[in-house]
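These notes are about the structure you will find just below.
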Amino acid sequence: MNIATFLDKAPRYILYGILLFLPVFFLPFTSFQTDFNKQIFFSVALFSATLLFIANALRAGSLSIKTHLLFAPVLFLIAVLGISTYGSGAITHSFWGSQVEPDSFFNLILFALFFALLVFLFEGREHAANAIYFFIAGAVLDSLFVFAHSFSPALLPLGFTQSAAFNPFGSFYAFSLYAGAAFAAGLALLAANMTKAQKKGVAIKKTGFITPRTLFLGLALALLFFIELGVNFPIAWFALAVCSLVIVYSFVHELPRGRMGFIALPLFVLACSFTFLFIRGIPFVGFLKAPVEVRLTHQATFNILEKTLRRSPKNLLFGSGPATFVNQYNLHRDGTANNSPFWDVHFSQGVGAFLSFFAAFGVLGGVLFVLFSGLFTVYGARWLLFRKSKSKGKEEDHQSFELLAIFAGGLCFLIAWLFYTAQFLLLFGGFAMIALWVAIMGKKKEIQFVKSPQGTFWGMSGGVTLVVGLIFIFYTIGKNYYAELFFTRGAVYANNGDLERGIPYLEKAAQLHRLDRYWRNLSNARLLYIGSLLRNSSLQDTQKRDLIQKNMLISESQAKEAIKINPNNVDNVLQIADFYASIAPISEGAFDFAVQNYSRAKNFDPENPSIPAKLGFVYLRKAEVLKTKAEGDAYKVALEKARQEGEAALTLKADFAPAKDLLYRIQQLQ
């Protein structure tokens, strides 16, 4: 294979590999074994394909692209998200995300780049069909793992994989939606293979001949359908019902009468989908025992969206910023969740990607995302409803089944975006399906940049600049991955009580990647280390005092750094408040700083009962100190404030045990 052939084919095969392996990819070395490692694998593979694509364009002196109206909302969306990220007040967090949020700016850039490469590199229906097969194969690989893991949780010698809740996809319900999209696409391709076989004179019923692709699709559909039965997720059944209706309609209008027997399978799927959607509790379904997921309701998500957009003109236009929905949830949630066991769950996404994205991206970003999805739906529906029938004397266009597969699979993902929480792989799958549609329907355009010396200069200069940029991106991604490795190792040591070994790893992580999560946990580890120093009787008083003073200053500066990176995250404010509350007995003035920061935290999470309870304990400790100093008036004031905070916590959550304990101790002190 010469270099020209390699540069031409390698990027395409990398994209095939992404479609095949991304759903099942995970590694055991980081805190987030699934989503974070998927993001790293996706970004490295994607930028590698981009690098080879640019190298091939520089070699050929031309660039082959496709144009389509669907590119417009993607490009404008990236521009709006850039502005939204800048205005979020937490640029680093909004760009990278702290816990692999699917709506981080970096993830949306990856999806947009993946969209563009799929369109540019996949020429026509043949490449698109191959991509669909790899997409289905990826879902099959995950299905095989899920079934094997359900019968043998100890399948892999890794502790975290032996939990019944583990799924390399990340969520059973999200995988059910992804598998439903793969099933819908496979159903259309199965009809395509069978009709092609009949056209070639291969009578399947008479000869028993089955092509390898037909055999693969048949087995894949059976496996994916069992996944749907095993998870029994209503939204997945609804998506399959809609896609089955689309396929049935297409078969009625596309297939000649002699082949109408193929309609039996999608009709069967349609009947099953409606049955399992409306009749719950059927004994033989739901056998995978998927863990219960806790999600917001659409009404709660809409309320948060409305309050977020009303907060400021900036929020109305550009939202609170990518990956910041959790801040808006903390700020705008109502108190009803406090009466449930999930009162302390902080939701990073609402129900429905569209609603969540309107809150995070504003009206401009939300409308562009809806426009991107809506245009695909309109183009697909127009193709489905108004294309000419191929069975009336004209040569049958079997390749239209590839478009049907893409449209059906894409509809499944759009339904997931509408009714389910935004999830990394569901966004990936949706962008992939829409890109494959554009790859087939887009208009090809050749850009020559060697026609003149000026064109050659600017083309080569731009290509080299992009290559240098990609090399820098590879370096940054590698640095971020090492940071997560160091953080995970440091957290393991710290959780096991070995703070002296854990803190250096946490410091390396924070230095490599400036995430508030790293600095916040580092500050907390230092605080725990201070506690261990206080309990260490082997140190001399002078040495102990110096070490405590040094670590207090470092822990304080690290907590402040976390706030500097993401000032709207209530956890960062609580960390520095906890720091001051912990050192208050040994540091003059720390009481006031603790009160100040707990009061500030209330502004970011006003419905959280733990904040007034913590503030009440600070006032209680202050009252205890004042009592020993015989400062009667100040003591009474502090004790009354402690009581008020305890009652405020019980108002938010009537059965909150720490608040009851606070009031009991106040009564005992009186």
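The values are calculated or read from the model by the stated rules, or taken from the named source; none is laboratory data. Computed from a predicted model, the values in this text were never measured in an experiment. We place every Cβ from the backbone using ideal geometry, glycine too, and count neighbours over all the protein chains shown. To get the accessible areas, we keep the full protein, side chains included, count just its heavy atoms, and leave off ligands, DNA and RNA. Shrake-Rupley method; radii C 1.70, N 1.55, O 1.52, S 1.80 Å.
Counting only protein heavy atoms and a 1.4 Å probe, tell me what percentage of the chain's accessible area is made up of carbon and sulfur.
Values: 18280 of 29180 Å².
Accessible surface attributable to carbon and sulfur in the chain totals 63 percent.
Per-residue ellipticity at 222 nm for the chain, helices alone: DSSP H runs ≥ 4 residues times -39500 (n - 2.57), over residue total, nearest 500 deg cm²/dmol?
Numbers: 26 runs with 483 residues, N = 670.
Theoretical 222 nm ellipticity from helices: -24500 deg cm²/dmol.
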Original post:
Looking at segment 586-670, which GluC sites (Glu not before Pro) are in a loop (DSSP not H, G, I, E or B) and have at most 16 other Cβ atoms within 10 Å?
Top reply: Glu588, Glu631
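About its Cα centre, what dipole magnitude does the chain give when the only charges are +1 on Lys and Arg Cβ and -1 on Asp and Glu Cβ, stated in debye to the nearest 20?
Numbers: 59 positive and 41 negative charges, 354 e Å.
I would put it at about 1700 debye.
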**OP:** Hey, could you grab the Kirkwood Rh for segment 284-436? Inverse mean 1/r over distinct alpha carbon pairs, Å, one decimal.
**Re:** 17.7
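Using a/c under 1.5 as the rounded threshold, could you call segment 50-194 rounded, prolate or oblate? The axes a ≥ b ≥ c are square roots of the C-alpha gyration tensor eigenvalues, and prolate needs a/b larger than b/c, oblate otherwise.
Numbers: a/c = 2.15, a/b = 1.22, b/c = 1.76.
Judged from the Cα gyration tensor, segment 50-194 comes out oblate (a/c at least 1.5, b/c at or above a/b).
Computed over the Cα atoms of the chain, what is the ratio Rg over Rh, Rh following Kirkwood? Could you put the intermediate results ahead of the total?
Values: Rg = 28.9 Å, Rh = 27.9 Å.
Using only Cα positions, Rg/Rh for the chain is 1.04.
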Original post:
Residues of the chain: accessible area per residue at 1.4 Å, in Å²?
Top reply: 44
Original post:
Points 7 angstrom from Cα along the Cβ direction at Lys479 and Ala148: gap in nanometres?
Top reply: 3.8
Original post:
For the chain, which longest stretch is free of loop sites, where a loop site is one of the trypsin sites (Lys or Arg not before Pro) that DSSP puts outside H, G, I, E and B and that has at most 10 other Cβ atoms within 10 Å?
Top reply: 395-628
Subject >> Per residue Cα convex hull volume in Å³ - calculated over segment 419-530 >> reply: 161
Original post:
So what's the angle, to the nearest 10 degrees on a 0 to 90 scale, between helix 657-669 and the longest Cα principal axis of the chain?
Top reply: 0
Original post:
How far is helix 453-495 tilted, in degrees, relative to the longest principal axis of the Cα atoms in the chain, given as a value from 0 to 90 rounded to the nearest 10?
Top reply: 50
Original post:
So what's the Cα pair-distance distribution over segment 551-592, bin width 10 Å, in %?
Top reply: 32, 52, 16
